[in-house]
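Colleague: Here you go, one structure.
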There are 2 protein chains.
Amino acid sequence: MTLGNLVIEIVKKLGVSHVFGVPGDYNLRFLDYIVESDGLAWVGNCNELNGSYAADGYARENGIGVLVTTCGVGELSAANGIAGSYAHNVSVLHIVGYPNSKLLESDAPVHHTLGNYRKNSFLTTFSAITGAQTILTATNYLEELQRVVLHMLLTKKPAYIGIPTDLIDMDISHTIEEILFYPQSHDAIIETLGNRILERFLRAKKPLFFLGANIARFGLRTLMTQILQKTDAKFGTTLMGKSIINETSVAEPNFLGIYAGDYSTEGMVGIVQSSDCIISIGTVETDLNSGGFSEDGIDFENVITVRPNSVKVGKTLYSGIDIEKLLLYIKEHAKPNTLADKTFTLPKESATLLPSLKGALNHKDFWTRINKNIIKEGDIVVAEAGSSLFGLVQQNLPTGIDFVSQILWASIGYTLPSAIGSAIASPHRRVLLFIGDGSFQLTAQETSLIAQHNLNITVFLINNNGYTIERAIHGATQPYNDIPRWHYLDLVKALGIKTTFSIKTFQELEHHYDAINQKGPKVVELFFDPLDFPPLLKQISDKLEAANRK
Amino acid sequence: MTLGNLVIEIVKKLGVSHVFGVPGDYNLRFLDYIVESDGLAWVGNCNELNGSYAADGYARENGIGVLVTTCGVGELSAANGIAGSYAHNVSVLHIVGYPNSKLLESDAPVHHTLGNYRKNSFLTTFSAITGAQTILTATNYLEELQRVVLHMLLTKKPAYIGIPTDLIDMDISHTIEEILFYPQSHDAIIETLGNRILERFLRAKKPLFFLGANIARFGLRTLMTQILQKTDAKFGTTLMGKSIINETSVAEPNFLGIYAGDYSTEGMVGIVQSSDCIISIGTVETDLNSGGFSEDGIDFENVITVRPNSVKVGKTLYSGIDIEKLLLYIKEHAKPNTLADKTFTLPKESATLLPSLKGALNHKDFWTRINKNIIKEGDIVVAEAGSSLFGLVQQNLPTGIDFVSQILWASIGYTLPSAIGSAIASPHRRVLLFIGDGSFQLTAQETSLIAQHNLNITVFLINNNGYTIERAIHGATQPYNDIPRWHYLDLVKALGIKTTFSIKTFQELEHHYDAINQKGPKVVELFFDPLDFPPLLKQISDKLEAANRK
Ligand SMILES: Cc1ncc(C[n+]2csc(CCOP(=O)(O)OP(=O)(O)O)c2C)c(N)n1
Ligand SMILES: Cc1ncc(C[n+]2csc(CCOP(=O)(O)OP(=O)(O)O)c2C)c(N)n1
């Protein structure tokens, strides 16, 4: 067995079947191992940033994603994507091809280094944006591979492994043939804490579960759904936690809405403020996720917060608690709270049909139509941080949706490659991507992979002539919020997409529902006025501008 | 005066008239100052990596370039470009829009941060890839602006300035109205050293100047040309120093060729080894620039090396020497060496016309034709690190050429945005870009700026179905060296380019010379066999593969 074989084995053990990235002379030998492996496929991206986004999208579906780049030029191109995975707890393993170990040791000014005769590794750079990082040597490889991979498994943060190209073929069969991972976990006080939480829940009048994105990131969606079923409890989510649990009133009558301070859906602020027991699980605090830190009027004595490695009950913080064990315990012992206030709920959605509309598309009416006519049970819905995200978060989506967005890191252009990663990870699901023209321009070339791999992705491209979300924040008509004019449909055709739609009015939209709902790669260009915003977007942008200025 | 005004003043004092970048809510207020300024134009890029490359290309023409991004997502997207500027001593000032200072102080998990409640600045990241870096505060701004800008002026390394968005409008008129920069310099031993170098030159039998890229980076091309004229001395360049001095035998009969160890042009190795006085100025040591560190057979007692801040005479190193002052002194006191060996030279290029060719394009004949029929005096020639670079370096180019390439950092995709920066910096010159299809895919969207700004750029796109330079190094027919198939000419049309050519044979090429030589944006697609390489490329790639494996 060689070191290359071992790394391939690890990648396969982690449940990965597709590896993303861009070749470079320092990683070519490793790519040979991928190509020759049984069970791993290489997906070459157009550039490394796009590769990192694709690995992130893949990991959100699959648990773990792998990115391979060459050192210097390749890894630094991916830095923004890796940082986004860090911010959102997405486990991307970044494997970087390094020069020959002797060259590396010698500080020789070889290509892809800064040529300054200093150790030219970017470990410092990546130490800020990955959870664990290493460069393998002939002596450290076994310890370091373990340390870095285990750290990723425990924290879900991306990890970085540099491999000098000459070590790939190094024979290691005298030491190792197989490696198995058992992330540690602690169970000292799980029982005490689980009981305390359940007691609080059972004696409350208006108990409420409040659920966040880390439930998905730590693979706890099924467990959480079981707890909700056994407790028959009311619940809401954060913005970042959107759709991690079914949110239609039919499937989940206990779903109340999204709470995010001033950015909450209707009625949620009152509900949250009046609750006497909020059990917050896997939630994340960020400006957008908290309505610009406007979570007022809550008595924190009534709040229990369960985070990946800690639990807070009122003002007491328990550190080092394994979230999965705790939720398992709660699931085992959960029962409904029969005392709970039955009126503590929201009115049911009306089932009335949406009337047909005439005239140009607008955000007020567009997203309700999309939700009724396009988005279907089980779809993966990917929303770019722009009018798409803020149009979609206010819709209650069908059951079994994976909702992908980057609300904290908010790197535009992220969603196109990410959707590709999701589609490759879950080939039997349909991916619906909603992306603004501005965002599309950052990573547009990756569209060619949708065609090349014949992915079941429909791209809804919001053409509103520029950075509308920025116009909403500042400089509505300033030239810096304009973007170069592209012929988007010609462009995607040149990249291999055969099916395209150009839609300006609601009639045209209605006319094409069936065709759009067909399987296969397609791009739907949708025209909007540059100064038309989804209602929530205007509210958020005013607040952002105020925070920037004050 | 506000801080925003002061920063704009500084940017203008540095001789900059175009600022590159991408907006984001944390920098929008600063962009207002650019838009409203007298004498600064905003050039919005499709993404930040492309913006950093464009600022680099602009700086190579103009001395200094400026890039504006938003923090986190924006700056990290540009990291690879900034690192390339560092490796190549290109002065790019990277201005990063930060959140409001109070938010920043509070470690609040706002958007575009990692959300981990730690100081979320990427100064550590950028400390590895910029020369000086700072985040401005209400108290430090004057000291820090000076320190960082001066460092850039002295070292030519990129610099990083973060500005919290609320400080842009801060009134600073009580402290400052104007700022002037005087980079320090030392002249203690300039005279001694200058004389020693001249004496060595004058008593040598076979003296030789050996010139490198930093002559261009430090703005010393004119001075160097004057020295060559006054001394009437023979000279060669490095690969990275290609074309910094005229290299046609008519304009510069003293030009000998390129010396790069095993990658030298014909006859150069013998010439260099037999010289008894090599005066090396502004050269840089890297693997490609030194023929894989194969500069053997030179007696280093005969070598004088002048670097930006040091001079080495034989085995004595003088540190802290201002290169410009030293060259000025040498120019003042220079005279020809009348003893020098007149036969110490290369045969003149033959003026014979190149015969017309039939059949498919090939690298052996293509580059000589391009050099004779397309490249003209005064052009800016940009060559991507691939078959383009290794095809072109072996041609002696016409006089007054700026030759742009990234031989050390070698980040593919660099040249397209960089060519845009060059064209904007030097609107009266023609830019010829030679780029491989693989490289083009990384940054292709930026083509739309060529159309949008109607730039005088001709893009020669080498379509050889993938990463040919990588095929030459390793895995000639491995799938990872294939790339998605694009319809390149349809694509660039969708991005606004009106004039395009598709060329498969030498007859077609000959037929279109005149049309291609017309002014204005255009793209010429050229088809080559995936396994056809320029001769030098094969030689280099064999050596790279050996270095990776050994
Ligand atoms: C990598 C990156 N660069 C810049 C930004 C700043 N930014 C946030 S939203 C936005 C504009 C998005 O415009 P578009 O995708 O067209 O959305 P829409 O018009 O639908 O709002 C920009 C430039 C960012 N978030 N990420
Ligand atoms: C950002 C970056 N990613 C990856 C590489 C590794 N690399 C070096 S050359 C090359 C292929 C270039 O192919 P192309 O531009 O088509 O050139 P040609 O076919 O003309 O040789 C690659 C992938 C790199 N240098 N920079």
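Colleague: What pairs come up if the first residue lies in the range A:467-495 and is hydroxyl-bearing (Ser, Thr, Tyr), the second is surrounded by fewer than 24 Cβ atoms within 10 Å (Cβ to Cβ) and in a helix (DSSP H, G or I), and their beta carbons are under 7 Å apart, counting only those six or more places apart or on different chains?
Modeller: A:Tyr480/B:Val35
Colleague: Kindly indicate whether A:Glu75 is more than 13 Å from every other protein chain (Cβ to nearest Cβ), among the acidic types (Asp, Glu), touching a helix residue (DSSP H, G or I) at 6+ places or on another chain (Cβ under 8 Å) and over 21 Å from B:Gly115 (Cα atoms).
Modeller: Values: more than 13 Å from every other protein chain (Cβ to nearest Cβ): no; among the acidic types (Asp, Glu): yes; touching a helix residue (DSSP H, G or I) at 6+ places or on another chain (Cβ under 8 Å): yes; over 21 Å from B:Gly115 (Cα atoms): yes.
Answer is no for this residue.
Colleague: While we're on this one: Going residue by residue through the range A:406-414, is there one that turns out to be surrounded by fewer than 24 Cβ atoms within 10 Å (Cβ to Cβ) and not in a helix (DSSP H, G or I)? First the steps, then the outcome.
Modeller: Taking the range A:406-414 as the starting set, the residues that turn out to be surrounded by fewer than 24 Cβ atoms within 10 Å (Cβ to Cβ) are none.
No, the range A:406-414 contains no residue that is surrounded by fewer than 24 Cβ atoms within 10 Å (Cβ to Cβ) and not in a helix (DSSP H, G or I).
Colleague: Then there is this: From the list B:Ser310, B:Ser274, exactly one residue is polar (S, T, N, Q) and either free of Cβ contacts under 8 Å to residues at least 24 places away in the same chain or touching a strand residue (DSSP E or B) at 6+ places or on another chain (Cβ under 8 Å) (or both). Which is it?
Modeller: Details: B:Ser274 fails: either free of Cβ contacts under 8 Å to residues at least 24 places away in the same chain or touching a strand residue (DSSP E or B) at 6+ places or on another chain (Cβ under 8 Å) (or both).
It is B:Ser310.
Colleague: Find the residue count for the range B:248-267, including only residues that are within 25 Å of B:Ser310 (Cβ to Cβ) and touching a residue at least 40 places away in the same chain (Cβ under 8 Å).
Modeller: 2
Colleague: Out of the residues in the range B:488-516 meeting the condition of being open to solvent by less than 30 Å² (accessible area, probe 1.4 Å) and within 19 Å of B:Ile375 (Cα to Cα), tell me which one is nearest to the other protein chains (Cβ to nearest Cβ).
Modeller: Result: B:Phe501.
Colleague: Out of the residues in the range B:158-173 meeting the condition of being open to solvent by less than 40 Å² (accessible area, probe 1.4 Å) and over 20 Å from A:Asn548 (Cβ atoms), tell me which one is farthest from the other protein chains (Cβ to nearest Cβ).
Modeller: So the residue we want is B:Ala159.
Colleague: Taking the stated definitions as given, is B:Ala41 facing another protein chain (nearest Cβ under 10 Å), away from ligand 1 (no atom under 14 Å from the Cβ) and open to solvent by 10 Å² or more (accessible area, probe 1.4 Å)?
Modeller: Details: facing another protein chain (nearest Cβ under 10 Å): yes; away from ligand 1 (no atom under 14 Å from the Cβ): yes; open to solvent by 10 Å² or more (accessible area, probe 1.4 Å): yes.
Criteria met by B:Ala41.
Colleague: Out of all the residues in the range B:64-78, is one or more open to solvent by 10 Å² or more (accessible area, probe 1.4 Å), part of a loop (DSSP other than H, G, I, E, B) and assigned by TED's automatic domain parsing to the domain that holds B:Arg29?
Modeller: No, the conditions are met nowhere in the range B:64-78.
Colleague: Mind checking whether some residue in the range A:461-470 is under 23 Å from A:Val92 (Cβ atoms) and touching a Leu at 6+ places or on another chain (Cβ under 9 Å)? Write out each step before concluding.
Modeller: Initial filter on the range A:461-470 (under 23 Å from A:Val92 (Cβ atoms)): none.
Looking for residues that are under 23 Å from A:Val92 (Cβ atoms) and touching a Leu at 6+ places or on another chain (Cβ under 9 Å), one finds none in the range A:461-470, hence no.
Colleague: What are the residues in the range A:517-529 that are surrounded by 17 or more Cβ atoms within 10 Å (Cβ to Cβ) and either away from every other protein chain (no Cβ under 14 Å) or within 16 Å of ligand 2 (Cβ to nearest atom) (or both), if any?
Modeller: Narrowing the range A:517-529 to residues surrounded by 17 or more Cβ atoms within 10 Å (Cβ to Cβ): A:521-528.
Matches in the range A:517-529: A:Lys522, A:Val524, A:Leu526, A:Phe527, A:Phe528.
Colleague: If you go through the range B:58-94 one residue at a time, how many are more than 16 Å from ligand 2 (Cβ to nearest atom) and under 14 Å from the mean Cα position of the chain (by Cα)? Quick ask: steps written out before the conclusion?
Modeller: Let us first name the residues in the range B:58-94 that are more than 16 Å from ligand 2 (Cβ to nearest atom), namely B:58-75, B:89-94.
When the remaining residues are screened for being under 14 Å from the mean Cα position of the chain (by Cα), the result is B:58-65, B:89-92.
Total satisfying the criteria: 12.
Colleague: I need the full set of residues from the range B:190-238 which are under 19 Å from B:Met268 (Cα atoms) and free of Cβ contacts under 8 Å to residues at least 60 places away in the same chain, in order please.
Modeller: Hits for the range B:190-238 are B:Leu228, B:Phe235, B:Gly236, B:Thr237, B:Thr238.
Colleague: For the range B:455-487, which positions are open to solvent by 20 Å² or more (accessible area, probe 1.4 Å), in contact with a Phe, Trp or Tyr (Cβ under 7 Å, 6 or more places away or on another chain) and β-branched (Val, Ile, Thr)?
Modeller: Listed by number, the list is empty, since nothing qualifies.
Colleague: When the range A:231-250 is examined, which residues are found to be under 15 Å from A:Val284 (Cβ atoms) and open to solvent by less than 10 Å² (accessible area, probe 1.4 Å)? Step through it out loud before you land on a result.
Modeller: Taking the range A:231-250 and keeping what is under 15 Å from A:Val284 (Cβ atoms), we get A:236-242, A:244.
Listed by number, the residues that qualify are A:Gly236, A:Thr237, A:Thr238, A:Leu239, A:Gly241, A:Lys242.
Colleague: Scan B:Ser52, B:Ser85 and give me the residue that is within 11 Å of chain A (Cβ to nearest Cβ), more than 16 Å from ligand 1 (Cβ to nearest atom) and open to solvent by less than 10 Å² (accessible area, probe 1.4 Å). Explain how you work it out, then say what you get.
Modeller: On the way: B:Ser52 fails: more than 16 Å from ligand 1 (Cβ to nearest atom).
Only one candidate passes the filter, namely B:Ser85.
Colleague: Out of the residues in the range B:115-140 meeting the condition of being open to solvent by less than 10 Å² (accessible area, probe 1.4 Å) and away from ligand 2 (no atom under 16 Å from the Cβ), tell me which one is nearest to the other protein chains (Cβ to nearest Cβ).
Modeller: Within the range B:115-140, the subset open to solvent by less than 10 Å² (accessible area, probe 1.4 Å) is B:122, B:125-126, B:129-130, B:132, B:134, B:136.
Right, trim to away from ligand 2 (no atom under 16 Å from the Cβ) and you get B:122, B:125-126, B:130, B:132, B:134, B:136.
Details: B:Phe122: 6, B:Thr125: 5, B:Phe126: 8, B:Thr130: 11, B:Ala132: 14, B:Thr134: 17, B:Leu136: 15 Å.
Looking at residues that are open to solvent by less than 10 Å² (accessible area, probe 1.4 Å) and away from ligand 2 (no atom under 16 Å from the Cβ), I get B:Thr125.
Colleague: Next up: Could you give every pair whose Cβ atoms fall below 6 Å, whose first residue belongs to the range A:431-447 and is assigned by TED's automatic domain parsing to the domain that holds A:Ala383 and of a type in the set (Ser, Thr, Tyr), and whose second residue is within 16 Å of ligand 2 (Cβ to nearest atom) and modelled with pLDDT of 95 or more, counting only separations of at least 6 or pairs across chains?
Modeller: Close Cβ pairs satisfying both conditions: A:Thr443/A:Asn50; A:Thr443/A:Pro417.
The values are calculated or read from the model by the stated rules, or taken from the named source; none is laboratory data. Model, not experiment: these values are computed from the prediction. Here the Cβ is made from the backbone with ideal geometry for all residues, glycine too, and neighbour counts use every protein chain on show. These area figures cover heavy atoms from the full protein model, side chains too; ligands, DNA and RNA do not enter into them. Shrake-Rupley method; radii C 1.70, N 1.55, O 1.52, S 1.80 Å.
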